[in-house]
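Asker: I'd like to ask you about the structure that follows.
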Amino acid sequence: VRQAMLAGGWRWRAMHSQPDVSEVVELSTARGGEVKLGKLRQLVNLPPFDEMFGIARKKMLACIDVELRKAHKKKKSELNALDFANVHKLSLLAFSSSISIPLGEVLKQNENLLKGLHDFERVAAELIFEDSRRNNGQELDNATAGITELRKQIVFDLKDASSKISKLKNKDEIMLVHNTALQKSKVLLAQHNNDIKLIRNYVKRFRSLPFIDLSVPLFVLVGAPNVGKSSIVKAVSTGEPEVADYIFTTRKILLGHIYDTTYGGWQCQVMDTPGVLSRNDEDRNVMEKMTIAAMENLPSNIIFVTDLSETSGSKSKLELQLALRQDLRGKFPNRRWLDVISKGDLLEIDPSEFGIENAVVVSCITGDGLEKLRVLLKEQSGAGGGAEEERVNV
């Protein structure tokens, strides 16, 4: 069966593109252990149920073709009932394996999902669980139980059909049992479509987390909603976040890169994060918690973006932005910190009037200040860019 499946081109992993293992970076922790960053991006995902059935059917037909060629080569005549039964029995086993193996891989990875994760990925995964429960009432454990039952039932039914076929001597009866078993499998897959869709959605969200290279300086842009963080990331880096004039436009962590090939080369990572409100941690939504998780669990420099133009909406009034800035500076007293004032083309106030000294004023409309910001990022990266460095006012 294995040879027949290989002859038919059975390559489950190749069909579902996996991230390059080189994306996994090992980080030495304070405890002397090693934590892998990028594990969630390596998760195997399932295809839709109808595509899964089609893949398995294709492997089954390839198996039949190989076995028929072997049988005809030996007999050089029409197959007798015994050979005919053996061919179709093996084809059902190939079909069963084509479904049970990937389902088993997903079940195994779900069982060990949170083990060995970098702290940032572990918190991010827990927040994704929380968000799904809150918005959809969907639990990964329930879907996993459904997939477990699906796998057991398909394996049992196809094994039972194979056993029945081995006892039959009439070709029409063999084909009836064979086709009935296939149809039953298709119905089972359709019945568990919601479980498959839920797991696909979880894996898609896990794999959408950005790959962060811990050997490259990281700058995390934080601030209230709609203050212009995404516009700045888009203007100074390779990142392509969504930019719109409504609150909480950014709904996930996004990453851009800045490259400078002169003077021996230099690069840094710039992270766009969902907006944060000035309130207690227990009152924050999942998007805000994701931003705080990035700040707490990644060795990063903080770029706090403030909009003094009062055009960011009621939830981002200036007094609320200043309160948030004070809260975060108190929460991360030893982190490298850079103040950036956005929407400089609308600015009519000196930032120092609000206690924000030596801030970089930028405008993504006119381009003013963006090159200065890039230069400062380069200088601050060259200074080390560690997670727990002395506070620096640039």
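Asker: What ranking, highest mean first, results for peptides 169-180, 333-344, 219-230 when packing means the other Cβ atoms within 10 Å averaged over each residue? Walk me through the numbers on the way to the answer.
Answerer: Details: 169-180: 14.8, 333-344: 20.9, 219-230: 25.5.
For the peptides 169-180, 333-344, 219-230, the packing ranking is 219-230, 333-344, 169-180.
Asker: Which lysines have a Cα lying under 18 Å from the Cα of Lys164, excluding residues fewer than 8 positions away in the same chain?
Answerer: Lys89, Lys184
Asker: Within segment 258-333, list the GluC sites (Glu not before Pro) lying in a DSSP loop whose Cβ has at most 15 other Cβ atoms in a 10 Å radius.
Answerer: Values: sites: Glu282, Glu288, Glu296, Glu310, Glu319; in loops: Glu310.
The qualifying sites are Glu310.
Asker: While we're here: Remind me, relative contact order of segment 42-170 in percent, using alpha carbon pairs under 8 angstrom and six or more residues apart?
Answerer: It comes to 37 percent, rounded to a whole number.
Asker: Same structure again: Using a Cα-Cα cut-off of under 13 Å, which aspartates and glutamates could be cross-linked to Lys234, ignoring same-chain neighbours fewer than 8 residues away?
Answerer: Of all the aspartates and glutamates, those that pass the test against Lys234 - Cα under 13 Å, at least 8 places apart if same chain - are Glu242, Asp272.
Asker: So which lysines can Lys108 reach, going by Cα to Cα under 21 Å and dropping same-chain residues fewer than 8 places off?
Answerer: Cross-link targets: Lys36, Lys39, Lys152, Lys197, Lys204.
Asker: Taking segment 52-147, which GluC sites (Glu not before Pro) meet the DSSP loop condition and have no more than 11 other C-beta atoms within 10 Å? Walk me through the intermediate numbers first.
Answerer: Values: sites: Glu67, Glu78, Glu105, Glu111, Glu121, Glu126, Glu130, Glu139; in loops: Glu78, Glu139.
Sparse-neighbourhood loop GluC sites (Glu not before Pro): Glu78.
Asker: Give me His88, His72, His192 ranked fewest to most by other Cβ atoms within 10 Å of their Cβ, as a rough exposure proxy. Mind showing how you got there, number by number?
Answerer: Values: His88 26, His72 13, His192 20.
In increasing order of surrounding Cβ atoms, one gets His72, His192, His88.
Asker: Quote the FRET efficiency, to the nearest 0.05, computed for Met175 versus Ser352 with a Förster distance R0 of 51 Å and r equal to the Cβ-Cβ distance. Could you put the intermediate results ahead of the total?
Answerer: Details: r = 85 Å, r/R0 = 1.66.
Efficiency at R0 = 51 Å is approximately 0.05.
Asker: List the trypsin sites (Lys or Arg not before Pro) in segment 72-117 that DSSP assigns to loop (not H, G, I, E or B) and whose Cβ has at most 16 other Cβ atoms within 10 Å. Which are they?
Answerer: Values: sites: Lys73, Lys74, Lys75, Lys76, Lys89, Lys108, Lys115; in loops: Lys76, Lys115.
Passing sites in segment 72-117 are Lys76, Lys115.
Asker: How much length is gained if the chain between Lys204 and Arg134 is pulled fully straight, taking 0.36 nm per residue apart and subtracting their Cα-Cα distance, in nm to one decimal?
Answerer: Once the chain is fully extended between Lys204 and Arg134, it gains 23.4 nm.
Asker: Taking square-rooted eigenvalues a ≥ b ≥ c of the alpha carbon gyration tensor, is segment 218-382 rounded, prolate or oblate, where a/c under 1.5 means rounded and, failing that, a/b exceeding b/c means prolate?
Answerer: Numbers: a/c = 1.43, a/b = 1.21, b/c = 1.18.
In terms of gyration-tensor shape, rounded.
Just so you know, all these numbers are worked out from the coordinates, no wet-lab data involved. Because the structure is a prediction, the values reported are computed rather than measured. FYI the Cβ positions are ideal-geometry reconstructions off the backbone, even for glycines, and counts take in every protein chain you see.
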